[in-house]
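Heads up, the thing below is written out as structure tokens.
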Amino acid sequence: ERDTITAERDTITAERDELAAAAAAAQAEADALPDVFATINDAVGDLSGFDVTGDETYASISVTGDGIFYMDSLVAALVELGFPAGIEARIGNTRALDGTLTADGDKVRASWSYHPDDGLSMVVEHDT
């Protein structure tokens, strides 16, 4: 009977250790995700023509008027988030007829649209 109790205790201990390791791995993965809002807001939040809202998991960006002159700051933030540098050309060549376009970065995704009257609207979020 003592051997059975010892074996059950060892099984429970092993299962507990596996759960703790899985929880630690999940936390490490969550910690590795970038703070999307801080990255975008730090780059363009104070610039004329930009309106940025969100939290650590996403940023909603509206670019109007003078904001078009500061797109290099937005692109730099997008590259920092893991998007390829070519995203600048994709955004810059977007027409109203194109509808909503998307791009994938490193653990983040962007979607955007453009209208001559309304400017550029973009959402950058964790890709989960």
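Before moving on, here are some points about what is shown:
- Across the accessible surface of the range 1-90, with the other protein chains kept in place and a 1.4 Å probe, carbon and sulfur atoms take up 52 percent.
- Across the chain, the longest piece that holds none of the GluC sites (Glu not before Pro) lying in DSSP loops with up to 14 other C-beta atoms within 10 Å covers 57-128.
- Residue among Ala76, Leu19, Asn93 farthest towards the positive dipole end of the chain, charges placed on Cβ: Asn93
- Of the listed residues Thr94, Thr11, Thr100, the order by accessible area with a 1.4 Å probe, largest first, is Thr100, Thr11, Thr94.
- Average accessible surface for the range 1-61: 70 Å² per residue, computed with a 1.4 Å probe over protein heavy atoms with every protein chain in place.
- Among (1) 1.16; (2) 0.97; (3) 1.31, the entry that matches Rg/Rh (Cα atoms, Kirkwood Rh) as calculated here: (3)
- Percentage relative contact order, the chain, counting C-alpha pairs under 8 Å, at least six apart: 20 percent
The values are calculated or read from the model by the stated rules, or taken from the named source; none is laboratory data. Please read these numbers as outputs of a predicted model, since none were measured by experiment. Every residue, glycine among them, receives a Cβ derived from its backbone with ideal geometry; neighbour counts consider all protein chains shown. The protein model used for the area step is the full one, side chains on, heavy atoms only, and it has no ligands, DNA or RNA in it. Shrake-Rupley method; radii C 1.70, N 1.55, O 1.52, S 1.80 Å.
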